[in-house]
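Step one of this worksheet: look at the structure below.
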Amino acid sequence: MLFVEGLAMLRQLIGQVQELLDLYGTHLPPPYIFHHQPPTILQPPPQLRNDRWCLLNLEDNTSEDDCYNFVMRAGKFKMLEPGKAPPSKRARKDRTREKLPETSNPIESMESEIWKEFPEDLYETVIARLPVATFFRFRSVCQKWNSLLTSNSFSVECGQVTRTQPWFYTRTHENVNTGAMYDPVSRKWHHPTAPTVPTKMIILPVASAGGLICFLDIGHRSFYVCNPLTQSFRELQARSVKVWSRVVVGMTVNHKSGSGAYQIMWVRSDGEYEVYDSRNNTWTCPGGMPACIKLPLSINFRSQSVTVDGCMYFLRSDPEGIVSYDMVTGTWKQFTVPAPVHISDHTLAECGGKIMLVGLLSKNAATCVCIWELQKMTLLWKEVDRMPNILCLEFYGKHIKMSCLGNRGLLMLSLRFKMMNRLVTYDILRKEWFKVPFPHSRKRHWIACGTAFHPCLTAKA
């Protein structure tokens, strides 16, 4: 009974709407509010501006639906003209484009008034703090911005900017004379134009400091220094030694002088070494190896050197430990530090003044990358992290070879065996592991060598 009465009231309500439509035609009157109570004759409330309609269509009457179509959009119920299709949804870009002409002129006028009064010296301050990749795009804006690389004031501004994340400069085994740079912030590879090298021999990156990279040819004869961002290039003076053999190389920059002067040091297993100083462009031998240092050094040539507070540290294998050289005082020291068991392909690393060790830990068929920190009091390696199991699963039962391409705070590890190549970065402070795509699409490529460097736009070789 109640259902019949309710249906009768709804029919009455629909009839009233029909009358209103007949009265006003297709031009709608001011909106009406529908209350949940038995309907009476509705009157238009004065000055009501709420564009909300309520759709009540409980009858399956196709003829009425064809004549009076309702559409709901954004919470509002609106009535369409007979036979008119509902409006299609427009893309956000199209809706935004319609609004731009209303506001574009005032904004353009405002920006013109502001930027024409912008102090010239602040341009260099702002540009020096841009991401490195962004700066090279901005160089094409005008000739003045392009000439910033040779500006002394811009060099001072860049020197005040600390870039926490290093970049990585690498060479692949099939393209050893063409480098690729990886930016871990944008996670993109860049392919710089290789500078003209006055030799036909292959040169490989062996060390870096202050935004510069030191290269050594595979004959271990000549050294070169280059800024891979600006292609500033320099061949160093010939060394005084006549016997060419494998060496380990370290590089450091004197930041206190502000001149960008750098020093490069090479050491052989027999204890012979030399130091290059860019200020006088000469190689010197500060002195012989002291008697307290056991010879031969048995240097681990797979491990790059690290520099902490002006001291260079090199990894040795017999006896297991570290040798250091103070670049200021010229003194040598050695430390006996037993290597962790079951370790291979290990290399030194540095983070925040702490000496770290990264290597492959293999036991039975399982292989994992582990990180150790040198305890200064006990001179022992303490494990602080290891690669997550989900990343190590694909190494199970395989003979993995690892190379560490960067050893300063952020590590880049090249892991390979037969048909598999992997690049992984590890942030020592955050203890984060990330897979890195290869700089080339070919799966057979693997990274032959590389080094980490802090990009500097004004560093000069």
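Any read-out appearing in this document is the output of simple, stated calculations on the displayed coordinates, not a laboratory observation. Just so we're clear, the structure is a prediction, and the values are computed from it rather than from any experiment. Note: ideal-geometry Cβ built from the backbone for every residue, glycine included; neighbour counts use all protein chains shown.
Structural remarks
- Long-range HN-HN contacts of K398 with modeled amide H, under 5 Å: none
- Net +/- balance of residues flanking I218 in space, Cβ distance below 13 Å, scoring K and R +1, D and E -1: +3
- The eigenvalues of the Cα gyration tensor, multiplied by 5 and square-rooted, give segment 198-312 an equivalent ellipsoid with semi-axes of 22, 18, 13 Å from largest to smallest.
- Phi to ³J(HN,Hα) by Karplus 6.51 cos²θ - 1.76 cosθ + 1.60 over segment 222-235, Hz, x for Gly, Pro: 10, 10, 9, 10, 8, 9, x, 7, 10, 6, 5, 9, 7, 9
- Computed from the alpha carbon positions, the gyration tensor of segment 132-171 leads to an equivalent ellipsoid with semi-axes of 21, 15, 9 Å, biggest first.
- Cross-link pairs K200/K418; K354/K431; K376/K431; K401/K460; K363/K431 - those with Cα-Cα distance over 26 Å: K200/K418; K401/K460
- Rg [Å, one decimal], Dmax [Å, integer] - segment 369-461, C-alpha atoms: 15.4, 48
- Interchain or long-range residues, amide H under 5 Å from K460's placed H: none
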